[in-house]
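**Q** Handing you this structure, nothing more for now.
Since every read-out is calculated from the coordinates, none of them should be taken as a lab result. These numbers were taken from a predicted model, which means no experiment stands behind them. Methodologically, a virtual Cβ is constructed for each residue, glycine included, from the backbone with ideal geometry; neighbour enumeration extends over all protein chains shown.
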Amino acid sequence: MNGLDEFGLIERLVQRVPSSGRTVVTGVGDDAAVLAVDPGEQVLVSTDAMVDGVHFLTRTMGFADVGYKAAASTISDIAAMGGEARHLVVALAVPEAARLADLEALYDGIALACRDHEVSVVGGDVIRTGGPMVVTCTVIGAVPAGQAVLRSGARPGDVVFVTGWVGGSGAGLALLLDGTPVAGDVAAELVACHRRPRAQLLAGAILREAGATSLDDISDGLANELNEISRASGVRLRIQATRVPVAPAVRDFARRRGEDPLRYAWYGGEDYQLVGTAPPFAFARALARCESSGVKLTQIGRVDAGDGVIAEYEDGRLEVVEPRGFNHFAPREANEP
Ligand SMILES: Nc1ncnc2c1ncn2[C@@H]1O[C@H](COP(=O)(O)OP(=O)(O)O)[C@@H](O)[C@H]1O
Ligand SMILES: Cc1ncc(C[n+]2csc(CCOP(=O)(O)OP(=O)(O)O)c2C)c(N)n1
Ligand SMILES: [Mg+2]
């Protein structure tokens, strides 16, 4: 580590990231951070690990991308509760072969994600490992007391919606792994979706305020997340497949590979868009606010009594959407979109 010991390394890395904020009483440097909460709030906490060889390869991501995505994908869990993200704690397991410049690039990626999402780093841990690099981010956020949007509130009659475009990250990964020839701008867009996802904090807050009844972020694929909501809420979700906003670049990419573009939306994962439900009047309110804020929001279906997720295709075909998608403990071939 260029002659730096553990404490020198921590100092060097922390210098690169935003570390103060309105609610930071004591940040990096003591046994624990001291954080203020406003009256009438509840605290949100979530953690996610990113592992070399599982979540990224040197072939698919640079170190700055790894840092950015580790932070943004963790922050996304706060968006999925309708909350405000505030602080990040970063635990870093550093393999023997890592160079200081790699860790600095990783931290520059974390710093950029912190700025984009208005979050500060208030602590962490650095350890050496004989195994692969592991970056674990823990995010701390807040939500008005009693207003966090759970997965369990969907009710028959609600609208099912998704934010933004989906499928880009899975297609970007397929492109990085197999190198399908596509136009330069299409390739750049798909790769950016995979490497630099953004947490949908504004959309989450708008949807909470408008009265969404459930929310989840797309880490493992739309098929998995819809099934999570169906299971937690005890309802059936009926999805109109043609309404799923598969990104135009994904359609282009899939066409060249002779694939169904929808597979990247159902099973690709890591889009970090939000999927959820709301009563029709609440959805209309959210849609108006999203339009005036430049947030894309699309109705993709309806909630019925029953269970499971059903997709309706243009030709009238109905299909059960199985909760298949990324699963760490499934056989390797089951994790391909
Ligand atoms: N090792 C663990 N110990 C305790 N809770 C866990 C553990 N791993 C996951 N969880 C919890 O299980 C739930 C589902 O986890 P996960 O599928 O990873 O959620 P998500 O896809 O939203 O990140 C979350 O509430 C998470 O905090
Ligand atoms: C090299 C490589 N192979 C496969 C993937 C795909 N992938 C890895 S983890 C994952 C799902 C999201 O990660 P997870 O740890 O399950 O996040 P969580 O659901 O806990 O938020 C996906 C789609 C990838 N990003 N990179
Ligand atoms: Mg998780």
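**Q** By the scheme Lys and Arg +1, Asp and Glu -1, what is the net charge of all other residues having a beta-carbon under 12 Å from that of Arg86?
**A** Working: positive: Arg22; negative: Asp38, Glu41, Glu84, Glu118.
Local charge sum for Arg86: -3.
**Q** What does the charge add up to near Phe63, with Lys and Arg as +1, Asp and Glu as -1, over the other residues with Cβ less than 15 Å from its Cβ?
**A** Numbers: positive: Arg12, Arg16, Arg59, Lys69, Arg99, Arg195, Arg196; negative: Asp52, Asp65, Asp102, Glu104, Asp108.
Net local charge, Phe63 excluded: +2.
**Q** In whole Hz, what ³J(HN,Hα) sequence does region 66-78 give by Karplus (6.51, -1.76, 1.60; θ = phi - 60°), x for Gly and Pro?
**A** With coefficients 6.51, -1.76 and 1.60, one gets 4, x, 4, 6, 4, 5, 5, 5, 6, 4, 4, 5, 6 Hz.
**Q** If you place +1 on the Cβ of every Lys and Arg, -1 on the Cβ of every Asp and Glu, and leave all else neutral, what size is the dipole of region 159-335 about its Cα centre, to the nearest 20 Debye? Each step should come with its number before you reach the end.
**A** Values: 20 positive and 23 negative charges, 64 e Å.
The dipole magnitude comes to about 300 debye.
**Q** Helix 280-293 against the longest principal axis of the chain: what's the angle in degrees, Cα atoms only, rounded to the nearest 10?
**A** For helix 280-293, the angle is close to 50 degrees.
**Q** With a 10 Å radius around each residue's Cβ, average the other Cβ atoms per peptide and rank 152-158, 36-42, highest first.
**A** Values: 152-158: 17.9, 36-42: 11.1.
So the order, starting with the most tightly packed, is 152-158, 36-42.
**Q** So, one more: Hey, what do the phi angles of region 131-138 turn into as Karplus ³J(HN,Hα) couplings, whole Hz, using 6.51/-1.76/1.60 and θ = phi - 60°, x for Gly and Pro?
**A** x, x, 5, 10, 10, 10, 10, 10
**Q** Count neighbours as other Cβ atoms within 10 Å of each site's Cβ, and list the GluC sites (Glu not before Pro) in region 80-111 that are DSSP loop with at most 14 such neighbours. Before the final figure, lay out each step's value.
**A** Working: sites: Glu84, Glu96, Glu104; in loops: Glu96.
Taking region 80-111 and a limit of 14 other Cβ atoms within 10 Å, the loop GluC sites (Glu not before Pro) found are Glu96.
**Q** Now a separate question. Considering only DSSP beta bridges with both partners in the chain, what is the antiparallel share in %, to the nearest 5? Could the numbers behind the result be given before it?
**A** Numbers: 42 of 58 bridges.
Antiparallel bridges make up about 70 percent of those DSSP assigns within the chain.
**Q** Continuing with the same structure: Under a Cβ-only charge scheme (Lys and Arg +1, Asp and Glu -1), can you give me the dipole magnitude of the chain about the Cα centre, in debye to the nearest 20?
**A** Rounded to the nearest 20 debye, it is 700 debye.
**Q** On each of the three principal axes of the Cα atoms of the chain, give max minus min coordinate, whole Å, ordered largest first.
**A** Sorted largest first, the three principal extents are 66, 53, 36 Å.
**Q** Between Ala101 and Ser20, how high is the FRET efficiency from 1/(1 + (r/R0)^6) when r is the Cβ-Cβ distance and R₀ = 35 Å? Nearest 0.05. Intermediate results must be reported in sequence, preceding the final value.
**A** Numbers: r = 26 Å, r/R0 = 0.74.
Taking R0 as 35 Å, the efficiency between Ala101 and Ser20 is 0.85.
**Q** While we're on this one: Roughly what % antiparallel, to the nearest 5, for the DSSP beta bridges in region 6-144? Intermediate results must be reported in sequence, preceding the final value.
**A** Numbers: 22 of 33 bridges.
Here the share of antiparallel DSSP bridges comes out near 65 percent.
**Q** Taking Cα atoms, how many degrees apart are the long axis of helix 248-257 and the longest axis of the chain, rounded to 10 and kept between 0 and 90?
**A** The helix 248-257 is inclined about 80 degrees to the chain.
**Q** Taking the dipole about the Cα centre of the chain, with the C-beta of Lys and Arg at +1 and of Asp and Glu at -1, give me whichever of Ala183, His328, Ala241 is farthest to the positive side.
**A** Projecting each Cα onto the dipole axis, the largest value belongs to Ala241.
**Q** For a quick protection proxy, order the peptides 301-307, 22-28, 244-250, 223-229 by their average other-Cβ count within 10 Å, most packed first.
**A** Values: 301-307: 16.6, 22-28: 15.0, 244-250: 21.9, 223-229: 24.3.
Peptide ranking by packing, descending: 223-229, 244-250, 301-307, 22-28.
**Q** Provide the net charge surrounding Cys137, with neighbours chosen by a C-beta distance below 12 Å and charges set as Lys +1, Arg +1, Asp -1, Glu -1. Spell out each step's value before the answer.
**A** Values: positive: Lys69; negative: Asp48, Asp77, Asp125.
Once all neighbours under 12 Å are counted, the net charge is -2.
**Q** Continuing with this model, one more query. Per residue of the chain, what 222 nm ellipticity follows from adding -39500 (n - 2.57) for every DSSP H run with n ≥ 4, rounded to the nearest 500?
**A** -10500 deg cm²/dmol
**Q** For region 272-315, give the magnitude of the charge dipole about the Cα centre (Cβ charges: +1 Lys/Arg, -1 Asp/Glu; no others), in debye to the nearest 20.
**A** Numbers: 4 positive and 6 negative charges, 87 e Å.
The dipole of region 272-315 has a size of about 420 debye.
**Q** Same structure, new question: Translational diffusion coefficient, Stokes-Einstein: compute it for region 1-50 using the Kirkwood radius over C-alpha pairs as Rh, at 4 °C and 1.567 mPa s, and state it as an integer in µm² s⁻¹.
**A** Values: Rh = 13.6 Å.
After rounding, the answer is 95 µm²/s.
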